[in-house]
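The values are calculated or read from the model by the stated rules, or taken from the named source; none is laboratory data. In this text, all values refer to a predicted model and were calculated from it rather than measured experimentally. Surface accessibility is based on the protein's heavy atoms, side chains included, excluding ligands, DNA and RNA. Shrake-Rupley method; radii C 1.70, N 1.55, O 1.52, S 1.80 Å.
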Amino acid sequence: IQNDLKWSEHTKYIAKKVRIAASKIRQVSLGTNLKQRTILYNAWINGTVSSNALAYLPCLNSGQLYEIQTALNSGIRAICKLPKYGYFPISDCRKRLGIERIETLRDKALANQAWRNRASLSNQVSNYSMVTRGMSQKNIPAPVQKGWLGHTVDTSVKKCGTSFL
């Protein structure tokens, strides 16, 4: 994190490391097949982004996420042996290879941490003096959130398809 509480330098550093890893995949991919290049992508590129992702990915704005996503796209181009520049359907290649977008990686990191913290949340709920039916069914009450000038703030929750509690 920088002195001005922004993540722009860190974002540029991560994007640079990802692009360097993509060039390494291009260099060593002469005698490899698609599966081996995908393994290299997951190790060198996905590992770089996922390492300590919980610390910085939730804090990035859409422009910074886009910068990292374009760097990830260079890795996908390296896997598929596409040229570095020009239009190609990278989204289709990503879907065929089973590689996630940066937003999905961010959401998975947050969901994993929430899953790890589920026991402490249930302990906090059980510390109340009276246990209601909702609390026993692990319906955790949302905290009262007051925003600017005392107006309530809406909390949006994205349904992932699996239940975490």
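General remarks:
- Anisotropy class of the range 42-93 from Cα gyration tensor, a/c 1.5 cut: oblate
- Using a probe of 1.4 angstrom and keeping all protein chains present, the accessible surface of the range 39-84 works out to 43 square angstrom per residue.
- Carbon and sulfur %, accessible surface of the range 1-114 computed with the full protein complex present, 1.4 Å: 55
- At the listed q of 0.12 Å⁻¹, the Debye profile of the range 28-134, built from one uniform point per Cα, gives log10 I(q)/I(0) equal to -0.54.
- Subset of LYS12/LYS81; LYS16/LYS84; LYS12/LYS95; LYS17/LYS84; LYS17/LYS81; LYS24/LYS81 violating a 22 Å alpha-carbon distance limit: LYS12/LYS81; LYS12/LYS95
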